[in-house]
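The values are calculated or read from the model by the stated rules, or taken from the named source; none is laboratory data. Note that the coordinates shown come from a computational prediction; the quantities given were computed from them, not determined experimentally. In this analysis, Cβ positions are derived from the backbone assuming ideal geometry, glycine residues included, and neighbour counts consider all displayed protein chains.
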Amino acid sequence: MPRKHDYVVAWIVIKGKRFEILVRPDPAFKFKEGEKVSIDDILWTDTVYRDARKGLKASPEEVKKAFGTEDIRVIAEKILKEGEIQLTEEQRRKLIEAKKRQIITYIAKNAIDPKTGKPIPEKRIETAFEQLRIGVDPFKDAESQAIEAVKKISTIMPIKLAKAVIRAVIPPQYSGRLYREIQRLGRVLKTEWLNDGSLRVELEVPAGSQVDVVQRIQGLTRGSARVEVKVVKS
């Protein structure tokens, strides 16, 4: 017999009627997060319920009227995307903590102190989260929540989401070999081959990543590149 924690209930309410399906929690949460997961790997059964706990199944007529189809994969996809997934307290805690870490990492990578132009350490951002008691939605994307979080954090400390423009000249002994690698470090705004075989490149990167990108360029060229962080813009 399956154990209860092997599956959870996902449900949706359509025109006042509740429809439930049983799903495997891990792949269901991943699908809800936007990952590519097969519906077949998510579904525990192919039954649509009115009340899964009581074993009450929805009639084919109810299902067809609500979803326009009796295809369980189409129905499950709609429920997972637009409905809710049952969570135990432990599951919710883990999901919230994981999402919170994603948001903090995003902010640290993309934000700066506008007074100094320098990145803000993750620990400082985490402290601000705790101080302001910023809530986290485990199913909402990290970027949109980070943008809202920055607005709140800005009330207690200087912080701003921004982009940095890095200009670098790669010496000829490295330019050909590192051309593609450099392009992976950020959004390429401009490249120019100089007469001596050097490569001049202009990259746009998240402002909080500027130090890491500069260090990476210098590491790839053994410290011989000429690098400038010319502009920081919102």
Next item on the list: Could you pull out every one of the helices (runs of 4 or more DSSP H) wholly within the stretch 140-234 that has 3 or more residues that are touching a strand residue (DSSP E or B) at 6+ places or on another chain (Cβ under 9 Å) and farther than 30 Å from L80 by Cα?
Entry: 172-183, 210-220
Next item on the list: Looking at (1) at pLDDT 95 or above; (2) touching a Leu at 6+ places or on another chain (Cβ under 6 Å), find the lone condition where Y7 falls short.
Entry: (1)
Check: What are the residues in the stretch 119-136 that are in contact (Cβ under 8 Å) with a residue 40 or more places away in the chain and either among the β-branched types (V, I, T) or in a loop (DSSP other than H, G, I, E, B) (or both), if any?
Finding: I120, V136
Next item on the list: Mind telling me which of the residues I134, I217, I156, I147 ends up being buried (at least 19 other Cβ atoms within 10 Å of the Cβ) and among the β-branched types (V, I, T)?
Entry: I217
Note to self: What pairs come out if I take residues in the stretch 137-152 that are more than 19 Å from K32 (Cβ to Cβ) and pair them with residues that are in a helix (DSSP H, G or I) and modelled with pLDDT of 95 or more whose C-beta lies under 8 Å away, six or more apart or interchain?
What the structure shows: A149/I103; A149/I107; A149/F129; V150/I107; K152/L132
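Looking at the stretch 159-200, which of the residues that are among the aliphatic types (A, V, I, L, M) and touching a residue at least 60 places away in the same chain (Cβ under 8 Å) is surrounded by the fewest Cβ atoms within 10 Å (Cβ to Cβ)?
Step one: filter the stretch 159-200 for residues among the aliphatic types (A, V, I, L, M), giving 159, 161-162, 164-166, 168-170, 178, 182, 185, 188-189, 194, 199.
Checking the rest, the ones that are also touching a residue at least 60 places away in the same chain (Cβ under 8 Å) come to 161-162, 164-166, 168.
Numbers: L161: 21, A162: 18, A164: 24, V165: 20, I166: 22, A168: 22.
The residue in question is A162.
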Check: List pairs: first in the stretch 15-38 and farther than 28 Å from Q102 by Cβ, second loosely packed, with under 15 Cβ neighbours inside 10 Å and of a type outside the set (S, T, Y), Cβ under 8 Å, 6+ apart or cross-chain?
Finding: R18/D51; F19/V13; E20/D51
Check: In the stretch 9-32, which residues are under 15 Å from L87 (Cα atoms) and either assigned to a strand (DSSP E or B) or of a type in the set (D, E) (or both)?
Finding: V9, A10, W11, I12, E20, I21, L22, V23, D26
